[in-house]
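Inspection log for the structure reproduced underneath, given as structure tokens.
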Amino acid sequence: MAIQNAINNIVNPKQIDRVFGIQRRQAIDQGSIDSSGQPNAITTSTGLNAQINASSTSPIVCNFAAGFDTSGIPIDYTGIYTSNQSYSSLTANTTHYFYLGRDTSTGALTPTRITIAPVYARTAPTSPATGLHWFKTSQDSLSTQPGMTMYEWNGSIWVARQRVFIGELTTGAGAVTSIANYAYGRCYESAWTAVSTNNTVNFAHNLGMSPAEAQSTITFYGRQNSSDLNHAFVPAYVQGYGIYFWAIGRLTQRVFVGGTGIYFDGSSWRTSADLKCSVSSGW
């Protein structure tokens, strides 16, 4: 009865998704994972071939942000995709960006790939190429282009769309050379990685945008080895201790491990350890 009353009291029925706890707007809420627990909604085989993996028992579930209503209440839709989609003969030497598009009339989802990277920003990109997707990350609700909405440049104007990007892959001359499934819920946790002082290390975050665009919180944790269950917080770099960032991109971040110590383990500063990176989007 309580649930039914909550539904009946919603001003806009499109808000039901929010009542039941969708964690992130404009995000992949869930999908298939690999043996290490990382997303693998997109996989590859030999040659220039790829597949989107989805089924009734392991669907891709997306939240499609669609701005706000006249009262400033967020409008979100949930879409569930349950079919595999194969792509053969991908264009060589190209980066392909995959998204699910939602039909605003029927709610049906259609997987599509393009070769232009999406942009996430508060204001519109200047001199956009036709087909560029821009997700407006601001919270304004009464402008001519409401925030928290995906737009596509059709050559003359920005057109509102319901599309969520789920991953990307890059091809070489005859095979796929790299693949990145975007983090579900825009929250990513890396594997433990062995590091030592005075070294640079690359960590994935797989947000599909820079951590700045995602307004992310980035945290590093340390442990002595796999038997160490008392994980430590790794501080920002100060006079040779901790780590600092010096190259952050759409999929990865590179950090420098201080030459004096990584983190304090209760008795001394560790000069070698395992690090784990945790990234959580702010919107």
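Read the figures in this text as sums done on the coordinates, not as results from a lab. Since this is a predicted model, take the numbers as computed values, not measurements. For neighbour counting, all protein chains shown are included, and Cβ atoms are generated from backbone atoms with ideal geometry for every residue, glycine included.
Dipole check for the range 186-280: with +1 at the C-beta of Lys and Arg, -1 at the C-beta of Asp and Glu, and the Cα centre as origin, the magnitude is about 160 Debye.
Electrostatic tally near residue 124: other residues with Cβ closer than 12 Å to its Cβ, Lys and Arg +1, Asp and Glu -1, net +1.
For percent of Cα pairs over 33 Å apart, which listed value, (i) 34; (ii) 31; (iii) 14, comes from the coordinates shown? Matching entry in (i) 34; (ii) 31; (iii) 14: (ii). What the Cβ-Cβ distance of residue 145 and residue 204 gives, at R0 = 30 Å and to the nearest 0.05, is a FRET efficiency of 0.40. Seen from residue 197, the other residues with C-beta closer than 15 Å to its C-beta sum to a net charge of -1, counting Lys and Arg as +1 and Asp and Glu as -1. A straight chain from residue 82 to residue 252 at 0.36 nm per residue would run longer than the Cα-Cα distance by 58.3 nm.
The local environment of residue 213, defined by Cβ-Cβ distances under 13 Å, has a net charge of +4 under the rule Lys, Arg +1 and Asp, Glu -1.
Can you tell me the dipole magnitude for the range 118-265 around its Cα centre, using point charges on the Cβ only (Lys, Arg +1; Asp, Glu -1), in Debye to the nearest 20?
Numbers: 8 positive and 7 negative charges, 54 e Å.
So the dipole magnitude of the range 118-265 works out to roughly 260 debye.
In debye, nearest 20, what is the charge dipole magnitude of the chain about its Cα centre with +1 on Lys and Arg Cβ and -1 on Asp and Glu Cβ, if you could check?
Numbers: 16 positive and 14 negative charges, 51 e Å.
The dipole of the chain has a size of about 240 debye.
Using only alpha carbon pairs under 8 Å that are at least six residues apart, calculate the relative contact order of the range 142-243 and give it in whole percent. Each step should come with its number before you reach the end.
Details: 85 pairs, mean separation 12.6, N = 102.
Normalised by residue count, the contact order of the range 142-243 is 12 percent.
Largest GNM mean-square fluctuation among 246, 158, 134, using the chain with Cα springs under 10 Å: 246.
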